[in-house]
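Engineer: My structure is below; once you've seen it, I'll send some questions.
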Amino acid sequence: MAFLSKSLPRRTVLRGIGTTLALPFLESMLPPLRAAAKPIHRFQAFYTPNGMAMEYWTPKDNGKSFDLAPIMQPLASYKDKLLVLSGLKASWNYIHAGASGSFLTGTPRGGRNEIEIIADVSIDQMLGRHFEQETQLGSLEMSMDLPANAGACTGNLSCAYLDTLSWRSPTQPLPMEWNPRTVFEKLFGDSGTTDRAAREQRLEQHKSILDSVTGKLASLKQELGPRDQNKVDEYTDAVRDVERRIQMAERQSSIEITHMAEPLGAPPVFEDHLALMFDLQVLALQSDLTRVVSFMLSKEQSPRPYPQIGVPEAHHPLSHHNNVPELVERMSKINTYHAKLFSQYLDKLHAAKDGDGTLLDNVTILYGAGISNSNGHSGDNLPLMLVGGHAGRIKGGRHIKFENKPSTANLLLTIMDKMDYPVEKVGGSNGKLPIDTLPEV
(Lines give C-alpha, C1' and ligand atoms only; values in the text may rest on other atoms or scores of the structure.)
Protein backbone atom coordinates (compact mmCIF):
# COMPACT_ATOMS: atom_id res chain seq x y z
CA MET A 1 0.00 0.00 0.00
CA ALA A 2 1.36 3.43 -0.93
CA PHE A 3 1.34 6.05 1.85
CA LEU A 4 0.53 9.69 1.16
CA SER A 5 3.32 12.19 1.68
CA LYS A 6 0.93 14.47 3.56
CA SER A 7 -2.38 13.94 5.36
CA LEU A 8 -5.80 15.39 4.70
CA PRO A 9 -7.45 17.62 7.35
CA ARG A 10 -9.21 15.61 10.10
CA ARG A 11 -12.62 16.57 8.73
CA THR A 12 -12.42 17.22 5.00
CA VAL A 13 -15.86 18.19 3.68
CA LEU A 14 -17.85 17.93 0.49
CA ARG A 15 -19.94 20.95 -0.39
CA GLY A 16 -22.74 21.09 -2.89
CA ILE A 17 -26.45 21.60 -3.47
CA GLY A 18 -26.67 23.67 -0.30
CA THR A 19 -25.37 20.96 2.02
CA THR A 20 -22.19 20.25 3.96
CA LEU A 21 -21.22 16.63 4.63
CA ALA A 22 -18.28 15.51 6.76
CA LEU A 23 -16.35 12.60 5.31
CA PRO A 24 -15.85 9.60 7.59
CA PHE A 25 -12.43 9.12 9.15
CA LEU A 26 -10.19 8.17 6.22
CA GLU A 27 -6.82 6.46 6.20
CA SER A 28 -5.35 9.44 4.32
CA MET A 29 -6.36 11.72 7.20
CA LEU A 30 -3.71 10.06 9.35
CA PRO A 31 -0.20 11.51 9.42
CA PRO A 32 2.24 9.86 6.97
CA LEU A 33 3.43 6.36 7.92
CA ARG A 34 0.74 6.10 10.63
CA ALA A 35 -2.05 4.41 8.69
CA ALA A 36 -2.09 1.55 11.23
CA ALA A 37 -2.63 3.91 14.18
CA LYS A 38 -4.38 2.52 17.22
CA PRO A 39 -8.16 3.17 17.09
CA ILE A 40 -9.72 5.54 19.60
CA HIS A 41 -11.50 3.53 22.31
CA ARG A 42 -14.66 5.23 23.61
CA PHE A 43 -16.89 4.45 26.61
CA GLN A 44 -20.62 4.75 27.12
CA ALA A 45 -23.07 3.85 29.87
CA PHE A 46 -26.66 3.09 28.80
CA TYR A 47 -28.96 2.79 31.81
CA THR A 48 -32.44 1.29 31.99
CA PRO A 49 -34.62 1.83 35.10
CA ASN A 50 -36.84 -0.13 37.49
CA GLY A 51 -35.16 -3.50 37.18
CA MET A 52 -35.75 -6.38 34.81
CA ALA A 53 -38.09 -9.33 34.31
CA MET A 54 -35.21 -11.69 35.01
CA GLU A 55 -37.01 -14.81 33.74
CA TYR A 56 -36.99 -13.19 30.31
CA TRP A 57 -33.45 -11.78 30.53
CA THR A 58 -31.01 -14.44 31.74
CA PRO A 59 -29.54 -16.84 29.12
CA LYS A 60 -29.76 -20.50 30.08
CA ASP A 61 -26.35 -21.55 28.76
CA ASN A 62 -22.88 -20.31 29.57
CA GLY A 63 -19.97 -19.51 27.26
CA LYS A 64 -20.19 -19.18 23.47
CA SER A 65 -23.13 -21.52 23.05
CA PHE A 66 -25.67 -19.34 24.83
CA ASP A 67 -28.97 -18.48 23.17
CA LEU A 68 -30.37 -14.99 23.47
CA ALA A 69 -33.11 -14.72 26.08
CA PRO A 70 -36.43 -13.11 24.97
CA ILE A 71 -35.56 -9.58 26.13
CA MET A 72 -32.30 -9.70 24.14
CA GLN A 73 -33.90 -10.83 20.88
CA PRO A 74 -33.92 -7.31 19.37
CA LEU A 75 -30.11 -7.44 19.65
CA ALA A 76 -29.78 -10.69 17.66
CA SER A 77 -27.85 -9.08 14.80
CA TYR A 78 -25.25 -7.89 17.30
CA LYS A 79 -24.86 -11.11 19.29
CA ASP A 80 -21.15 -11.30 18.50
CA LYS A 81 -20.71 -7.93 20.21
CA LEU A 82 -22.53 -8.87 23.42
CA LEU A 83 -20.73 -9.96 26.57
CA VAL A 84 -23.59 -10.88 28.91
CA LEU A 85 -22.62 -10.92 32.59
CA SER A 86 -24.59 -12.79 35.25
CA GLY A 87 -24.09 -13.22 38.99
CA LEU A 88 -22.84 -9.72 39.83
CA LYS A 89 -24.15 -8.02 42.94
CA ALA A 90 -24.94 -4.32 43.33
CA SER A 91 -22.25 -2.44 45.22
CA TRP A 92 -24.84 -0.48 47.19
CA ASN A 93 -28.16 -2.28 47.40
CA TYR A 94 -30.52 0.38 48.66
CA ILE A 95 -33.79 0.40 46.69
CA HIS A 96 -33.70 2.84 43.76
CA ALA A 97 -31.05 5.20 45.13
CA GLY A 98 -28.44 2.47 45.27
CA ALA A 99 -29.36 1.24 41.79
CA SER A 100 -28.41 4.36 39.86
CA GLY A 101 -26.18 5.80 42.59
CA SER A 102 -23.69 2.93 42.40
CA PHE A 103 -24.05 2.03 38.69
CA LEU A 104 -20.89 3.90 37.64
CA THR A 105 -19.42 4.71 41.06
CA GLY A 106 -19.34 1.28 42.70
CA THR A 107 -19.96 3.05 45.98
CA PRO A 108 -20.77 0.70 48.89
CA ARG A 109 -22.85 3.36 50.65
CA GLY A 110 -24.54 6.69 50.16
CA GLY A 111 -26.07 9.40 52.30
CA ARG A 112 -28.44 8.79 55.18
CA ASN A 113 -30.96 11.56 54.52
CA GLU A 114 -32.09 13.96 51.83
CA ILE A 115 -29.37 16.53 52.50
CA GLU A 116 -26.41 14.14 52.92
CA ILE A 117 -25.28 13.41 49.37
CA ILE A 118 -22.34 11.01 49.21
CA ALA A 119 -21.08 8.49 46.66
CA ASP A 120 -17.74 8.06 44.84
CA VAL A 121 -16.20 9.39 41.64
CA SER A 122 -17.84 7.62 38.70
CA ILE A 123 -15.75 5.92 36.02
CA ASP A 124 -17.14 8.14 33.26
CA GLN A 125 -15.62 11.11 35.09
CA MET A 126 -12.32 9.29 35.62
CA LEU A 127 -12.18 8.54 31.90
CA GLY A 128 -13.35 12.04 31.05
CA ARG A 129 -10.42 13.55 32.93
CA HIS A 130 -8.12 11.09 31.18
CA PHE A 131 -9.34 12.14 27.72
CA GLU A 132 -10.01 15.82 28.31
CA GLN A 133 -6.60 16.92 27.01
CA GLU A 134 -7.64 15.55 23.63
CA THR A 135 -11.34 16.43 23.44
CA GLN A 136 -13.41 19.56 23.97
CA LEU A 137 -15.67 17.78 26.46
CA GLY A 138 -14.32 15.34 28.98
CA SER A 139 -17.72 13.66 29.11
CA LEU A 140 -21.34 14.09 28.12
CA GLU A 141 -24.20 13.32 30.53
CA MET A 142 -27.69 12.86 29.07
CA SER A 143 -31.11 11.65 30.18
CA MET A 144 -34.63 11.42 28.81
CA ASP A 145 -36.20 12.78 32.01
CA LEU A 146 -36.50 16.13 33.69
CA PRO A 147 -34.62 16.21 37.02
CA ALA A 148 -36.53 16.51 40.26
CA ASN A 149 -36.40 19.95 41.83
CA ALA A 150 -35.31 18.97 45.34
CA GLY A 151 -36.13 16.84 48.36
CA ALA A 152 -36.32 13.11 48.92
CA CYS A 153 -37.28 10.81 46.06
CA THR A 154 -36.41 7.34 47.26
CA GLY A 155 -36.75 6.27 50.88
CA ASN A 156 -35.50 9.30 52.75
CA LEU A 157 -32.59 10.00 50.39
CA SER A 158 -31.91 12.84 48.00
CA CYS A 159 -33.35 12.92 44.49
CA ALA A 160 -29.76 13.38 43.29
CA TYR A 161 -29.26 9.61 43.36
CA LEU A 162 -32.05 9.07 40.84
CA ASP A 163 -31.27 11.99 38.56
CA THR A 164 -27.73 11.06 37.55
CA LEU A 165 -25.18 8.31 37.01
CA SER A 166 -22.22 10.70 37.01
CA TRP A 167 -20.31 11.94 40.05
CA ARG A 168 -17.44 14.39 39.65
CA SER A 169 -16.46 13.91 43.29
CA PRO A 170 -17.94 11.96 46.23
CA THR A 171 -20.12 14.97 47.04
CA GLN A 172 -20.71 16.42 43.57
CA PRO A 173 -23.31 14.65 41.41
CA LEU A 174 -23.50 15.99 37.87
CA PRO A 175 -26.76 16.95 36.16
CA MET A 176 -27.93 14.83 33.23
CA GLU A 177 -29.20 17.00 30.38
CA TRP A 178 -32.60 16.04 28.96
CA ASN A 179 -33.11 18.92 26.50
CA PRO A 180 -31.54 18.24 23.07
CA ARG A 181 -31.26 21.98 22.44
CA THR A 182 -29.05 22.37 25.52
CA VAL A 183 -26.98 19.34 24.52
CA PHE A 184 -26.47 20.87 21.09
CA GLU A 185 -25.33 24.17 22.63
CA LYS A 186 -22.95 22.32 24.94
CA LEU A 187 -21.39 20.62 21.93
CA PHE A 188 -21.43 23.42 19.39
CA GLY A 189 -22.22 26.64 21.25
CA ASP A 190 -25.36 28.76 20.98
CA SER A 191 -24.80 29.92 17.41
CA GLY A 192 -27.72 27.77 16.26
CA THR A 193 -25.69 25.70 13.83
CA THR A 194 -22.61 23.48 13.51
CA ASP A 195 -21.23 25.97 10.96
CA ARG A 196 -17.53 26.68 11.56
CA ALA A 197 -17.60 30.49 11.22
CA ALA A 198 -20.47 30.81 13.69
CA ARG A 199 -18.70 28.60 16.21
CA GLU A 200 -15.48 30.63 15.97
CA GLN A 201 -17.34 33.89 16.57
CA ARG A 202 -18.94 32.55 19.75
CA LEU A 203 -15.55 31.30 20.99
CA GLU A 204 -14.15 34.83 20.93
CA GLN A 205 -17.13 36.15 22.90
CA HIS A 206 -16.80 33.41 25.54
CA LYS A 207 -13.06 34.09 25.94
CA SER A 208 -13.71 37.74 26.80
CA ILE A 209 -16.30 36.79 29.43
CA LEU A 210 -14.02 34.18 31.05
CA ASP A 211 -11.06 36.57 31.28
CA SER A 212 -13.22 38.90 33.36
CA VAL A 213 -14.71 36.14 35.55
CA THR A 214 -11.33 34.58 36.41
CA GLY A 215 -9.93 37.84 37.74
CA LYS A 216 -12.98 38.54 39.88
CA LEU A 217 -12.93 35.06 41.41
CA ALA A 218 -9.32 35.51 42.55
CA SER A 219 -10.19 38.79 44.27
CA LEU A 220 -13.34 37.39 45.86
CA LYS A 221 -11.55 34.40 47.39
CA GLN A 222 -9.29 36.65 49.47
CA GLU A 223 -12.31 37.98 51.34
CA LEU A 224 -13.91 34.64 52.28
CA GLY A 225 -13.64 32.09 55.07
CA PRO A 226 -12.24 28.56 54.54
CA ARG A 227 -15.58 26.87 53.72
CA ASP A 228 -16.59 29.50 51.22
CA GLN A 229 -13.11 29.42 49.73
CA ASN A 230 -13.62 25.71 49.05
CA LYS A 231 -16.85 26.49 47.24
CA VAL A 232 -15.11 29.15 45.17
CA ASP A 233 -12.35 26.63 44.37
CA GLU A 234 -14.96 24.19 43.04
CA TYR A 235 -16.48 26.95 40.94
CA THR A 236 -13.04 28.04 39.74
CA ASP A 237 -12.32 24.46 38.66
CA ALA A 238 -15.50 24.55 36.59
CA VAL A 239 -14.42 27.86 35.00
CA ARG A 240 -11.01 26.42 34.21
CA ASP A 241 -12.70 23.47 32.57
CA VAL A 242 -14.63 25.88 30.35
CA GLU A 243 -11.35 27.63 29.53
CA ARG A 244 -9.79 24.30 28.64
CA ARG A 245 -12.74 23.44 26.40
CA ILE A 246 -12.43 26.78 24.60
CA GLN A 247 -8.70 26.25 24.08
CA MET A 248 -9.39 22.78 22.72
CA ALA A 249 -12.16 24.13 20.52
CA GLU A 250 -9.73 26.67 19.06
CA ARG A 251 -7.26 23.90 18.30
CA GLN A 252 -10.03 21.91 16.62
CA SER A 253 -11.73 24.87 14.94
CA SER A 254 -10.67 23.64 11.50
CA ILE A 255 -12.82 20.55 11.93
CA GLU A 256 -15.87 20.65 9.71
CA ILE A 257 -18.82 18.82 11.26
CA THR A 258 -21.84 17.25 9.63
CA HIS A 259 -24.42 20.00 9.23
CA MET A 260 -27.11 20.00 11.90
CA ALA A 261 -29.41 22.81 12.91
CA GLU A 262 -29.99 23.50 16.59
CA PRO A 263 -33.02 21.58 17.92
CA LEU A 264 -35.90 23.70 19.15
CA GLY A 265 -36.30 21.59 22.29
CA ALA A 266 -37.52 18.18 23.37
CA PRO A 267 -40.13 16.70 20.98
CA PRO A 268 -43.35 15.63 22.75
CA VAL A 269 -43.22 12.08 21.37
CA PHE A 270 -40.82 9.88 23.35
CA GLU A 271 -39.38 8.07 20.32
CA ASP A 272 -38.77 11.35 18.45
CA HIS A 273 -37.03 12.82 21.49
CA LEU A 274 -34.93 9.67 21.86
CA ALA A 275 -33.93 9.62 18.18
CA LEU A 276 -32.67 13.19 18.49
CA MET A 277 -30.68 12.35 21.61
CA PHE A 278 -29.18 9.33 19.82
CA ASP A 279 -28.13 11.50 16.88
CA LEU A 280 -26.44 13.99 19.18
CA GLN A 281 -24.51 11.24 20.96
CA VAL A 282 -23.31 9.72 17.68
CA LEU A 283 -22.33 13.15 16.35
CA ALA A 284 -20.39 13.95 19.54
CA LEU A 285 -18.49 10.66 19.40
CA GLN A 286 -17.82 10.64 15.68
CA SER A 287 -16.59 14.26 15.73
CA ASP A 288 -14.35 13.37 18.69
CA LEU A 289 -15.86 16.20 20.73
CA THR A 290 -15.99 13.66 23.56
CA ARG A 291 -15.10 9.99 24.07
CA VAL A 292 -17.29 9.39 27.12
CA VAL A 293 -21.11 9.45 27.27
CA SER A 294 -23.48 8.52 30.11
CA PHE A 295 -27.12 8.10 29.13
CA MET A 296 -30.24 7.29 31.15
CA LEU A 297 -33.09 5.92 29.05
CA SER A 298 -35.22 6.80 32.06
CA LYS A 299 -34.41 7.36 35.70
CA GLU A 300 -35.33 5.09 38.58
CA GLN A 301 -38.99 5.24 39.68
CA SER A 302 -39.92 6.40 36.18
CA PRO A 303 -43.72 6.26 35.79
CA ARG A 304 -43.59 6.42 31.97
CA PRO A 305 -46.29 4.21 30.39
CA TYR A 306 -45.79 2.47 27.06
CA PRO A 307 -49.21 2.26 25.40
CA GLN A 308 -47.47 2.06 22.00
CA ILE A 309 -46.46 -1.53 22.87
CA GLY A 310 -49.66 -2.45 24.68
CA VAL A 311 -48.51 -1.58 28.21
CA PRO A 312 -50.58 1.41 29.40
CA GLU A 313 -49.59 0.96 33.06
CA ALA A 314 -46.97 3.24 34.61
CA HIS A 315 -43.57 1.53 34.55
CA HIS A 316 -42.60 1.87 38.23
CA PRO A 317 -45.86 0.56 39.74
CA LEU A 318 -45.82 -2.31 37.23
CA SER A 319 -42.29 -3.21 38.34
CA HIS A 320 -43.77 -4.12 41.75
CA HIS A 321 -45.60 -7.03 40.18
CA ASN A 322 -45.67 -9.35 43.25
CA ASN A 323 -44.21 -12.00 40.93
CA VAL A 324 -47.60 -12.47 39.26
CA PRO A 325 -46.73 -14.20 35.95
CA GLU A 326 -49.02 -12.04 33.79
CA LEU A 327 -47.56 -8.83 35.26
CA VAL A 328 -43.98 -10.08 34.96
CA GLU A 329 -44.67 -10.86 31.31
CA ARG A 330 -46.01 -7.32 30.83
CA MET A 331 -42.90 -5.95 32.50
CA SER A 332 -40.79 -7.98 30.08
CA LYS A 333 -42.46 -6.16 27.19
CA ILE A 334 -41.06 -2.87 28.48
CA ASN A 335 -37.62 -4.41 28.95
CA THR A 336 -37.74 -5.85 25.43
CA TYR A 337 -38.85 -2.51 24.01
CA HIS A 338 -35.90 -0.83 25.71
CA ALA A 339 -33.60 -3.41 24.09
CA LYS A 340 -35.22 -2.63 20.73
CA LEU A 341 -34.57 1.08 21.19
CA PHE A 342 -30.99 0.28 22.17
CA SER A 343 -30.60 -1.77 18.99
CA GLN A 344 -31.57 1.33 17.01
CA TYR A 345 -28.73 3.20 18.66
CA LEU A 346 -26.35 0.36 17.82
CA ASP A 347 -27.54 0.64 14.21
CA LYS A 348 -26.45 4.28 14.18
CA LEU A 349 -23.05 3.45 15.67
CA HIS A 350 -22.62 0.61 13.17
CA ALA A 351 -23.42 2.96 10.28
CA ALA A 352 -20.91 5.60 11.45
CA LYS A 353 -17.50 4.90 9.91
CA ASP A 354 -14.45 5.23 12.11
CA GLY A 355 -11.02 4.45 10.67
CA ASP A 356 -11.05 0.98 9.16
CA GLY A 357 -14.21 0.10 11.04
CA THR A 358 -17.19 1.75 12.68
CA LEU A 359 -17.94 3.60 15.89
CA LEU A 360 -19.50 0.40 17.20
CA ASP A 361 -16.20 -1.41 16.68
CA ASN A 362 -14.40 1.13 18.85
CA VAL A 363 -16.77 1.61 21.77
CA THR A 364 -17.44 -0.22 25.02
CA ILE A 365 -21.03 0.23 26.21
CA LEU A 366 -22.14 -0.82 29.69
CA TYR A 367 -25.84 -1.64 29.23
CA GLY A 368 -28.28 -2.66 31.93
CA ALA A 369 -30.00 -1.86 35.20
CA GLY A 370 -29.03 -1.38 38.82
CA ILE A 371 -31.86 -3.67 40.03
CA SER A 372 -32.61 -7.25 38.98
CA ASN A 373 -35.99 -8.47 40.28
CA SER A 374 -37.72 -5.14 40.73
CA ASN A 375 -40.45 -6.45 42.97
CA GLY A 376 -38.11 -6.50 45.97
CA HIS A 377 -35.47 -4.07 44.69
CA SER A 378 -33.06 -6.99 44.47
CA GLY A 379 -29.39 -6.17 43.99
CA ASP A 380 -28.36 -9.78 43.24
CA ASN A 381 -27.58 -11.04 39.74
CA LEU A 382 -27.88 -7.66 38.04
CA PRO A 383 -28.86 -7.61 34.34
CA LEU A 384 -25.69 -6.27 32.72
CA MET A 385 -23.74 -6.64 29.52
CA LEU A 386 -20.82 -5.03 27.74
CA VAL A 387 -21.64 -4.20 24.13
CA GLY A 388 -19.46 -3.15 21.20
CA GLY A 389 -16.22 -4.06 19.50
CA HIS A 390 -14.26 -2.61 22.44
CA ALA A 391 -11.39 -1.60 20.08
CA GLY A 392 -10.33 -5.26 20.20
CA ARG A 393 -9.86 -5.26 23.99
CA ILE A 394 -12.80 -7.51 24.96
CA LYS A 395 -14.23 -10.63 23.29
CA GLY A 396 -17.96 -10.60 22.62
CA GLY A 397 -20.45 -13.33 21.76
CA ARG A 398 -20.36 -14.84 25.26
CA HIS A 399 -22.33 -15.26 28.46
CA ILE A 400 -20.29 -15.42 31.67
CA LYS A 401 -21.92 -16.41 34.94
CA PHE A 402 -19.88 -15.48 38.01
CA GLU A 403 -20.01 -17.39 41.27
CA ASN A 404 -19.80 -15.95 44.80
CA LYS A 405 -21.58 -12.71 43.82
CA PRO A 406 -18.68 -10.39 43.00
CA SER A 407 -19.43 -6.68 43.27
CA THR A 408 -20.27 -4.55 40.26
CA ALA A 409 -17.48 -2.28 41.52
CA ASN A 410 -15.11 -5.01 40.30
CA LEU A 411 -16.69 -4.76 36.85
CA LEU A 412 -16.07 -1.00 36.83
CA LEU A 413 -12.45 -1.60 37.82
CA THR A 414 -12.16 -4.08 34.94
CA ILE A 415 -13.65 -1.60 32.46
CA MET A 416 -11.06 0.99 33.47
CA ASP A 417 -8.35 -1.57 32.77
CA LYS A 418 -9.80 -2.41 29.36
CA MET A 419 -9.96 1.30 28.54
CA ASP A 420 -6.17 1.37 29.08
CA TYR A 421 -6.52 3.61 32.11
CA PRO A 422 -6.05 1.20 35.04
CA VAL A 423 -6.72 2.47 38.55
CA GLU A 424 -6.18 0.83 41.94
CA LYS A 425 -9.78 1.07 43.12
CA VAL A 426 -13.30 2.05 42.04
CA GLY A 427 -15.77 2.50 44.88
CA GLY A 428 -15.79 -0.68 46.95
CA SER A 429 -13.89 -2.84 44.45
CA ASN A 430 -11.51 -5.55 45.63
CA GLY A 431 -10.22 -6.94 42.34
CA LYS A 432 -10.80 -7.23 38.60
CA LEU A 433 -13.15 -9.74 36.98
CA PRO A 434 -11.68 -12.53 34.80
CA ILE A 435 -13.79 -11.62 31.78
CA ASP A 436 -11.10 -12.94 29.40
CA THR A 437 -11.71 -16.45 30.72
CA LEU A 438 -14.09 -18.21 28.35
CA PRO A 439 -16.06 -21.20 29.66
CA GLU A 440 -16.14 -23.89 26.96
CA VAL A 441 -19.80 -24.78 27.25
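The values are calculated or read from the model by the stated rules, or taken from the named source; none is laboratory data. Remember, predicted model here, so these are calculated numbers, not experimental data. Using ideal geometry, Cβ is built from the backbone for each residue, glycine included, and neighbour counts are taken over all protein chains shown.
Engineer: Among Pro170, Pro147, which is the only one that is under 19 Å from Met296 (Cα atoms) and in the same structural domain as Ser298 (by TED's automatic domain parsing)?
Structural biologist: Numbers: Pro170 fails: under 19 Å from Met296 (Cα atoms).
Pro147 is the lone residue from the list that is under 19 Å from Met296 (Cα atoms) and in the same structural domain as Ser298 (by TED's automatic domain parsing).
Engineer: Only one of (1) outside any strand (DSSP E or B); (2) under 20 Å from Phe188 (Cα atoms) is not met by Glu141, so which one is it?
Structural biologist: Among (1) outside any strand (DSSP E or B); (2) under 20 Å from Phe188 (Cα atoms), Glu141 violates only (1).
Engineer: Further question on the same structure: Please verify whether the range 351-370 includes one or more residues that are under 18 Å from Tyr56 (Cβ atoms) and of a type in the set (Val, Ile, Thr).
Structural biologist: No, the range 351-370 contains no residue that is under 18 Å from Tyr56 (Cβ atoms) and of a type in the set (Val, Ile, Thr).
Engineer: Need the failing condition index for Gln344 against (1) touching a Pro at 6+ places or on another chain (Cβ under 7 Å); (2) under 21 Å from Phe43 (Cβ atoms), just the number.
Structural biologist: It fails just one condition, (1).
Engineer: Quick check: is even one residue across the range 71-87 assigned to a loop (DSSP other than H, G, I, E, B) and either surrounded by 19 or more Cβ atoms within 10 Å (Cβ to Cβ) or not assigned by TED's automatic domain parsing to the domain that holds Tyr367 (or both)?
Structural biologist: First, pick out the residues of the range 71-87 that are assigned to a loop (DSSP other than H, G, I, E, B): 87.
So of that shortlist, the ones also either surrounded by 19 or more Cβ atoms within 10 Å (Cβ to Cβ) or not assigned by TED's automatic domain parsing to the domain that holds Tyr367 (or both) come out as none.
The answer is no; no qualifying residue exists.
Engineer: Shifting gears a bit: Here are the criteria: (1) farther than 27 Å from Ala284 by Cα; (2) in contact (Cβ under 8 Å) with a residue 24 or more places away in the chain; (3) in a helix (DSSP H, G or I). Tell me which single one Ala339 does not satisfy.
Structural biologist: (1)
Engineer: Is it true that some residue in the range 26-43 is surrounded by 16 or more Cβ atoms within 10 Å (Cβ to Cβ), at pLDDT 90 or above and over 22 Å from Thr358 (Cβ atoms)?
Structural biologist: No: the range 26-43 contains no residue that is surrounded by 16 or more Cβ atoms within 10 Å (Cβ to Cβ), at pLDDT 90 or above and over 22 Å from Thr358 (Cβ atoms).
Engineer: Can you give me the number of residues within the range 160-192 that are at pLDDT 90 or above, polar (S, T, N, Q) and part of a loop (DSSP other than H, G, I, E, B)?
Structural biologist: Looking only at that region, the number is 4.
Engineer: Ok, one more. Being modelled with pLDDT of 90 or more and in the same structural domain as Asn375 (by TED's automatic domain parsing), is that true of even one residue in the range 150-157? Break it down stepwise before answering.
Structural biologist: Going through the range 150-157, the residues modelled with pLDDT of 90 or more turn out to be 157.
Now drop any that are not in the same structural domain as Asn375 (by TED's automatic domain parsing), which leaves 157.
Yes; the residues of the range 150-157 include at least one that is modelled with pLDDT of 90 or more and in the same structural domain as Asn375 (by TED's automatic domain parsing).
Engineer: Take Arg129 and tell me if it is of a type outside the set (Val, Ile, Thr), surrounded by fewer than 22 Cβ atoms within 10 Å (Cβ to Cβ), without any contact (Cβ under 8 Å) to a residue 12 or more places away in the chain and not in a loop (DSSP other than H, G, I, E, B).
Structural biologist: Working: of a type outside the set (Val, Ile, Thr): yes; surrounded by fewer than 22 Cβ atoms within 10 Å (Cβ to Cβ): yes; without any contact (Cβ under 8 Å) to a residue 12 or more places away in the chain: yes; not in a loop (DSSP other than H, G, I, E, B): yes.
Judged against the criteria, Arg129 is a match.
Engineer: Given (1) at pLDDT 85 or above; (2) assigned to a helix (DSSP H, G or I), identify the lone condition not met by Ala197.
Structural biologist: Of (1) at pLDDT 85 or above; (2) assigned to a helix (DSSP H, G or I), only one is false for Ala197: (1).
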